[in-house]
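**Q** Quick one: this structure, given as structure tokens, is what I'll be asking you about.
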Amino acid sequence: MPADKHGPGIKNPDVYEELRSDGASKEKAARISNAMASEGASKVGRRGGKSPAYEEWTVAELRQRAAELDVEGRSYMRKDRLIDALRNH
């Protein structure tokens, strides 16, 4: 994908696009792809994620995370909409 579609700050656009297609938020995809470009995939892979998938979170936990990210309309969203909003904020 050209840089104008995702921004010039993405250092590894292939990884970024793959993460986005897997459901990662723009922020998370950018953070991981840039870390992989800087530090190498094996080092980033060993670090790994510690948080469970959003599907395993309670609605209260999802709303709290949405509040941290200032997602509008979060108090009216059901679980599936909260997950979608968090992944695509």
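The values are calculated or read from the model by the stated rules, or taken from the named source; none is laboratory data. Worth saying up front: this structure is predicted, and the values here are computed from it rather than measured. Every residue, glycine as well, gets a Cβ built from its backbone with ideal geometry; the counts of neighbours run over all protein chains shown.
This table checks each residue for (1) in contact with a His (Cβ under 9 Å, 6 or more places away or on another chain); (2) part of a helix (DSSP H, G or I); (3) free of Cβ contacts under 8 Å to residues at least 24 places away in the same chain; (4) surrounded by 17 or more Cβ atoms within 10 Å (Cβ to Cβ).
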{"residue": "33", "(1), (2), (3), (4)": "no, yes, yes, yes"}
{"residue": "36", "(1), (2), (3), (4)": "no, yes, no, yes"}
{"residue": "42", "(1), (2), (3), (4)": "no, yes, yes, no"}
{"residue": "66", "(1), (2), (3), (4)": "yes, yes, yes, yes"}
{"residue": "71", "(1), (2), (3), (4)": "yes, no, yes, yes"}
{"residue": "75", "(1), (2), (3), (4)": "no, yes, yes, no"}
{"residue": "81", "(1), (2), (3), (4)": "no, yes, yes, no"}
{"residue": "85", "(1), (2), (3), (4)": "no, yes, yes, yes"}
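**Q** Still on this structure: May I ask you to list the residues in the range 1-31 that are at pLDDT below 85, more than 14 Å from the chain's Cα centre (by Cα) and surrounded by fewer than 16 Cβ atoms within 10 Å (Cβ to Cβ)?
**A** Across the range 1-31, the qualifying residues are 1, 2, 3, 4, 5, 7, 8, 9, 11.
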